[in-house]
Amino acid sequence: MTARPMLRLVLRGLAWSLAIVALLSPFAGMADLLAALTGVAAGLAVGELALRRAVRSRWIAVGAVVACLLGPVIAGVLTDTFVARWLGPGLALSLAGWAVFGVVATSFVGGFRALGARHDTARGLEAVLLAASGASVFASHRDGAVGRPLAVADLAWTLGMDPRTLLFGIGGAAALVLLALLAVEHVGRIRRTALLIVPVVLALGWLLVGIAGVTPPPDLQTQATLKGEDGDLPRADPSKPPVDVPPQAGAGAPPPEAEPSGGDGGESPKPHGADGADPGAPKPDDRGQPASPKDADGAKPTPDAQGQDGGAKPKPVGQPAGQDGAADAAPDAQDAGQPPPSADRSPRGGPSNARAGQGSAGGTPKDSTDEQRPQDGSPASKPPQSQPPESKPWNGKPPESKPSDPKPPDAPPEAPPPDAKPPEDGSGGGAPSEEQSKSGSAGQNAQPVAVVLLDDDFEPPTELWYLRQGALSVFNGHRLIPAAPDSGLDRDLIGAMPTAAVGSDAPPPMDARFQLTGSVAILVDHALPFSPDFPVSYAPLPNPDPSRFLRAWSFSSAVNPLGFEGMLGHTANGPDVSPELRQTYLTAPTDPRYRALADEIVAGLSASAAADPMARALGVKRWLDDHMTGDSSRRHEGEGDPTADFLFGDLHGYCVHGAHASVYLDRLLGIPSRIGTGYAVPASDRRGSSLVVRGHQAHAWPEIWLDGIGWVAVDPTPREIVDPPSPPLDEDVARQLGELARQTPPAAEIPPTPRDWLRELMPALRSVAVGLWTILRGLALLAVIGVYLGKVWFAFCPWMLQAALPRVAYRAALHRLTSVGLGREVGESRERHARRVAAVAPSMMALTDAHVASAFGPEHTLPIDAQTWRAWVRAVRRESAATVPWWRRALGWIDPSTPFRTR
Amino acid sequence: MSDEHTAPRIAKGSSELDAARDVVKRIQRRLRAAVVGRDTVVDMVIVALIADGHVLLEDYPGSGKTTLAKALGDALTDDRPDDEIVAVRRIQFTPDLLPGDVTGSTIFDPNTQRFFFRPGPIFAHVLLADEINRTSPKVQSALLEAMAEKQTTIDNQTRKLDELFFVIATQNPLDLAGTFPLPAAQLDRFLFKIRMTHISRAAELDLLQRLDAVQAGVGDSMPRVSRTEVVDARHAARTVVFVAPAIKEALVDLAEETRKSERALQGVSTRSLVLMIPALQAHALLSGRDFVSADDLETLAPFVFAHRLVLAPGSGTAEEVVAECLKRPLERLARASLKRA
């Protein structure tokens, strides 16, 4: 090939590559683009070969179409059959991408190349296609797919350009290059007017954009979507699919804030059961409070606007809570050396639950859904519960802060069971629920989902980092759900991923807290940001490593350095919202058993302790610590009130049950409370400044409001946990992720030193190596496919071609003989070979003679018609089939080497 | 050469070619009938005859050389009876033979008081030169001049031999005592050196079964060919049978291979290639083709080139070397047929 055709070929490849980038960029990743570009090169080669062969054009077209279809078929085979298992999912997926994009690009470009060289129509189509690729950039923007491919978009952003400009430039340049090329190549054959296609298509593109408009850039887009969601649904409404399904979601953690509210969908594995589901018969082992059949709870108003019960009759009962039980508890608290709660700080008028209201509204008819509650309640009184009330030993040390405290409580009749978990497991005991509910295996979900970098040495006093992402505040009659964004509740939460600096609308009082800053980089997509304890503000950060992390943000949190004991003596009037809203934080189920249990717990407290909200909350926590069994296999699904099923049943459940029970009891005890959702990560998982968050650490915990402190997690920690321990943190992974998260993103790189160059080079080299490996694998696959296509081609091309029959017909027969082991030896003349195989295939002789005559004979040799050639091939096949056993012929079809041995 | 599948080979032949093929076939039929079990040798002899070359048979006594030569002479009819050239002659070479015994000599006729030329056995269409290595180089060279130039110089007078002058020389490969081996330069003048082996058991048995019939000769049961027909066939082969450039290329490749080969001290000469072309054409004609194919080259190469190689010591036989050198050109030739033109 001379230089000029070569140059043209290269230019054509360039044009097609640019067009492919423009066409595929909206939906293809980098690997797929690479595959497509390789396909372009292969397609050009194939096209050049095809156009020089005497293949009929329609066969080229059919071949191109078939190959186009073949790509997805191969991909399907790779991903959906045993091959995927054999290759492993990653390899299968990447190979499938290669199959789809590479094969389709190859056949597309090859077909157009070969046909375009023969027919002006195809050439015009080629031109239109390439020109349209320019316009398609606009079309894709209408779908909001602005940022793809990310590498190009990122580059554009880095350069300060609008990616649209860059992508449009690519597409337009492709069209222009190809058209210029066509004009040069076919001067006199292509009409110059065909060039008008370009401005027409471009104008069309502009026009379409003008009509449909260009959507805003991707980040704003995402945010807008989120906000739109927030508008009509709670953030975490599970019936709404996540905004983005993370690619790893199969094994990864879904956004944890979705977790505790899974009931609406009816199929969520959450413990709350479906709304309105018939609770069925009450369980015989329902734990009842025989002593307190007061159904005061029934009177409790539910301001919950969302519950179907519609029992939104706010009835604030200003009864101070828990006076009676406090007297008992106080001395104990003093025994334990804890500062007794000061009397003056005793809770006054927590707008709360009315113990006092008992009876008054006992008969208040609940609405339809709540009608089950009386049913629930009535049998509750009959069977004695498995745990006698007196076994609640828990007045031991109310203010004891740490669930993991090695000191056993003073007087529990039963010592902590030997299988009690270490703190990290214990506190996270409820957390594995999620993966248990999904996969039933505790170890499977222990994949890192995020890395938190902390700017401070601060250690949480609970030895657990609570990373709050959302909260469940509103009792809807069955369970707690997130408050509507515009309800005025939970205004401290930040409702969207930060695209600019955002702050909490209701930051906590900072008197007792101090500010902790840091950053979070997520590996799995989350709908909402999270940060330790009380997030105050977020700001987006450049992604430190786009190949690992999906997104990063910095946070400023108000962390609480106080232990539980340090928080005694605070009032709990609730957040600074209107009394009606505040009442939401005090709304609990009306089931009288809750009230009875709350009373019982408070009764176990000393007087001074019973007067203190924190002490009461700790009382609840302690009771649950002692009585609850961490068991993520228990869902309590399908119950009208799953929490009651849990709390008054066998007390087996996980974090969501504990949190719900805590909140209900706290609320009944007059403490404003809600459930915080997010992650709970043991402080022991911290490595240096980084804290790796893993999927199984998704958690829900009860939070109470303390005036002057804000929301405080008071998390029950079951002493007994039947779940398998969660896997330990992989030190290497933790260290590497920490290092990666600490990297500054490449775009913001300061002038690199030589060592930095090396370090930068390594990932690049690695990716090049991976790319080469992928290419190699792709080529190997293509080679295998090519070989078998070659076999088919060798066998059937005499029927596809008109010309070159002396060659291809002989080759078809020879291929057949070769595949049954009767091929020509090296150095053997064709005639001698024919004589050798004459016993098997006598027709081969005549075929060979004719073939040799066409190869070496004089020009004037009379042509033999196509039918004769094909008849010879058929005869050879027939004769060899008569002689050669079937298995030998089958082997011949399988044998991939025959095209190479056909000589 | 089997002649079962000739139909599609020559799609369009000239009448000249048809006639030549007919001639060849007639000779072949007669010779095969006369010499049992020696089909290859018969074919080679016919090829040499048509290619205007000479044959050196390396053979044992009693292997049918004379039969072959006589049958060949018998197959030819002299359609010019007025000249002094006869169909077939045989010379038994001995050490005391003189050149005049081969070429003929001038004799004084006392009756007419004049010298007249009495032609030697060389003035024949077919000359069987038996045990050529037993005579002195002087006699050998006299014969070889005649073979190369188709003329002989006697008493300073050059006399033309017949255009159809065909020598079948033999030599005994074992009994070499007191012989004068032919030097390479002289061997080069023989188109073929055919190393004959014993005929197959079946053929030998067949010969004994049909002994009487064979000894009686073919006679007139089969048509003969005339000298002119043979000469015309030669001409047709030279002019009509097509030699593809790829074949010539393969020939040159083969020559190069022999020259490069470690096993040969001296490769084949250019003259041998020149001689090879008509041989290939003749063989193609014999095979019923109007073009030269790789098969011709493969068949002829050992007979044409083996005796022209000077082998390095311990290199095995020349035929092996030729076969080895032939492999690559043949393979290239075969692949060329599958490549698009």
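The values are calculated or read from the model by the stated rules, or taken from the named source; none is laboratory data. Keep in mind that this is a model prediction, so the values were computed, not measured. Note that we place each Cβ from the backbone using ideal geometry, even for glycine, and neighbour counts take in every protein chain shown.
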Query - Matching residues, the range B:313-331, being touching a residue at least 40 places away in the same chain (Cβ under 8 Å), charged (D, E, K, R) and facing chain A (nearest Cβ under 10 Å) - result: B:E324, B:R328
**Report entry** Matching entry among A:R595, A:R582, A:R622 (being in a helix (DSSP H, G or I), in contact (Cβ under 8 Å) with a residue 60 or more places away in the chain and over 40 Å from the mean Cα position of the chain (by Cα))
**Finding:** A:R595
Query raised in the report: When you scan the range B:145-157, how many residues do you find that are part of a helix (DSSP H, G or I) and under 14 Å from B:P121 (Cα atoms)?
Result: 2
Report task. Filter the range A:856-867 down to the residues that are surrounded by fewer than 16 Cβ atoms within 10 Å (Cβ to Cβ) and within 10 Å of chain B (Cβ to nearest Cβ), then identify the one that is nearest to B:V241 (Cα to Cα). Result -> A:P858
Query raised in the report: Is one or more of the residues making up the range A:781-803 within 14 Å of another protein chain (Cβ to nearest Cβ) and aliphatic (A, V, I, L, M)?
Result: yes
Report task. Scan B:S200, B:S105 and give me the residue that is within 22 Å of B:D43 (Cβ to Cβ) and surrounded by fewer than 19 Cβ atoms within 10 Å (Cβ to Cβ). Result -> B:S200
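Within the range A:834-877, can you find the residues that are assigned to a loop (DSSP other than H, G, I, E, B) and β-branched (V, I, T)? Steps first, answer last, please.
Going residue by residue through the range A:834-877, those that are assigned to a loop (DSSP other than H, G, I, E, B) are A:840-842, A:857-865.
Correct list: A:V840, A:T861, A:I864.
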**Report entry** Among the residues listed as A:P5, A:P26, the single one being outside any helix (DSSP H, G or I) and at pLDDT below 80
**Finding:** A:P26
Requested in this report: Counting only residues that are hydrophobic (A, V, I, L, M, F, W, C) and more than 29 Å from A:H570 (Cα to Cα), give me the strands (runs of 3 or more DSSP E) lying completely in the range A:640-724 with at least 2 of them.
Outcome: A:690-694
Query raised in the report: Given (1) at pLDDT 85 or above; (2) more than 23 Å from B:G288 (Cβ to Cβ); (3) assigned by TED's automatic domain parsing to the domain that holds A:R878, where does A:R836 come up short, assuming only one miss?
Result: (2)
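Do we find a residue being assigned to a loop (DSSP other than H, G, I, E, B), of a type outside the set (S, T, Y) and either modelled with pLDDT of 85 or more or crowded, with 23+ Cβ neighbours inside 10 Å (or both) anywhere in the range A:534-555?
Going through the range A:534-555, the residues assigned to a loop (DSSP other than H, G, I, E, B) turn out to be A:542-550.
Keeping just the survivors that are of a type outside the set (S, T, Y) gives A:542-546, A:548-550.
If we keep only those that are either modelled with pLDDT of 85 or more or crowded, with 23+ Cβ neighbours inside 10 Å (or both) as well, we get none.
No, the range A:534-555 contains no residue that is assigned to a loop (DSSP other than H, G, I, E, B), of a type outside the set (S, T, Y) and either modelled with pLDDT of 85 or more or crowded, with 23+ Cβ neighbours inside 10 Å (or both).
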Requested in this report: Only residues that are within 14 Å of chain A (Cβ to nearest Cβ) and either over 16 Å from the mean Cα position of the chain (by Cα) or touching a residue at least 40 places away in the same chain (Cβ under 8 Å) (or both): list them for the range B:300-311, please.
Outcome: B:L300, B:A301
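To keep it simple, each residue is scored yes or no on (1) loosely packed, with under 15 Cβ neighbours inside 10 Å; (2) without any contact (Cβ under 8 Å) to a residue 60 or more places away in the chain; (3) over 23 Å from the mean Cα position of the chain (by Cα).
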position	(1), (2), (3)
B:K160	yes, yes, no
B:T179	no, yes, no
B:D188	no, no, no
B:D206	no, no, yes
B:D212	yes, yes, yes
B:V240	no, no, no
**Report entry** Checking A:G827 against (1) in contact (Cβ under 8 Å) with a residue 24 or more places away in the chain; (2) assigned to a loop (DSSP other than H, G, I, E, B), the condition it does not meet
**Finding:** (1)
Query raised in the report: Within the range A:879-892, which residues are surrounded by 13 or more Cβ atoms within 10 Å (Cβ to Cβ) and not in a loop (DSSP other than H, G, I, E, B)?
Result: A:E879, A:S880, A:A881, A:T883, A:R888, A:R889, A:L891, A:G892
**Report entry** Odd one out for B:D295 among (1) touching a residue at least 12 places away in the same chain (Cβ under 8 Å); (2) under 20 Å from A:E831 (Cα atoms); (3) within 14 Å of chain A (Cβ to nearest Cβ)
**Finding:** (1)
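Report yes if A:A31 is surrounded by fewer than 20 Cβ atoms within 10 Å (Cβ to Cβ), closer than 20 Å to A:L779 by Cα and in contact with a Gly (Cβ under 9 Å, 6 or more places away or on another chain), otherwise no.
Numbers: surrounded by fewer than 20 Cβ atoms within 10 Å (Cβ to Cβ): yes; closer than 20 Å to A:L779 by Cα: yes; in contact with a Gly (Cβ under 9 Å, 6 or more places away or on another chain): yes.
Taking the combined requirement at face value, the residue satisfies it.
Name the single residue, out of those in the range A:511-533 being within 25 Å of the chain's Cα centre (by Cα) and in a strand (DSSP E or B), that is nearest to A:W711 (Cα to Cα). Spell out the reasoning first.
Filtering the range A:511-533 for residues within 25 Å of the chain's Cα centre (by Cα) gives A:518-533.
This time we only want the ones that are in a strand (DSSP E or B), so: A:518-522, A:531-532.
Values: A:G518: 20, A:S519: 22, A:V520: 22, A:A521: 25, A:I522: 25, A:S531: 14, A:P532: 12 Å.
Among residues in the range A:511-533 that are within 25 Å of the chain's Cα centre (by Cα) and in a strand (DSSP E or B), the one nearest to A:W711 (Cα to Cα) is A:P532.
Among the residues of the range B:275-293, how many are more than 12 Å from A:G857 (Cβ to Cβ) and either part of a helix (DSSP H, G or I) or touching a Cys at 6+ places or on another chain (Cβ under 8 Å) (or both)? So that I can check it myself, show each step before the final result.
Residues of the range B:275-293 more than 12 Å from A:G857 (Cβ to Cβ): B:275-283, B:285-288.
Subsequent filtering for residues that are either part of a helix (DSSP H, G or I) or touching a Cys at 6+ places or on another chain (Cβ under 8 Å) (or both) retains B:275-283, B:285-286.
Total satisfying the criteria: 11.
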Query raised in the report: Of the conditions (1) at pLDDT below 85; (2) exposed (fewer than 15 other Cβ atoms within 10 Å of the Cβ); (3) in contact with a helix residue (DSSP H, G or I) (Cβ under 9 Å, 6 or more places away or on another chain), B:H235 fails just one. Which one is it?
Result: (1)
Report summary line: Considering the range A:838-855, residues that are crowded, with 24+ Cβ neighbours inside 10 Å and of a type in the set (V, I, T), and then whichever is farthest from the other protein chains (Cβ to nearest Cβ), we arrive at A:T848
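Starting from residues that are farther than 14 Å from A:R874 by Cα and in contact with a His (Cβ under 9 Å, 6 or more places away or on another chain), keep the ones in the range A:807-822 and report whichever is nearest to the other protein chains (Cβ to nearest Cβ).
The initial filter retains those residues of the range A:807-822 that are farther than 14 Å from A:R874 by Cα, namely A:807, A:818-822.
Imposing the further condition that a residue be in contact with a His (Cβ under 9 Å, 6 or more places away or on another chain) reduces the set to A:807, A:822.
Working: A:R807: 6, A:L822: 15 Å.
For the range A:807-822, the residue satisfying everything is A:R807.
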Query raised in the report: Here is a list of conditions, (1) within 14 Å of another protein chain (Cβ to nearest Cβ); (2) of a type in the set (D, E); (3) under 30 Å from B:L311 (Cα atoms), and B:D290 meets all of them except one; can you say which number that is?
Result: (3)
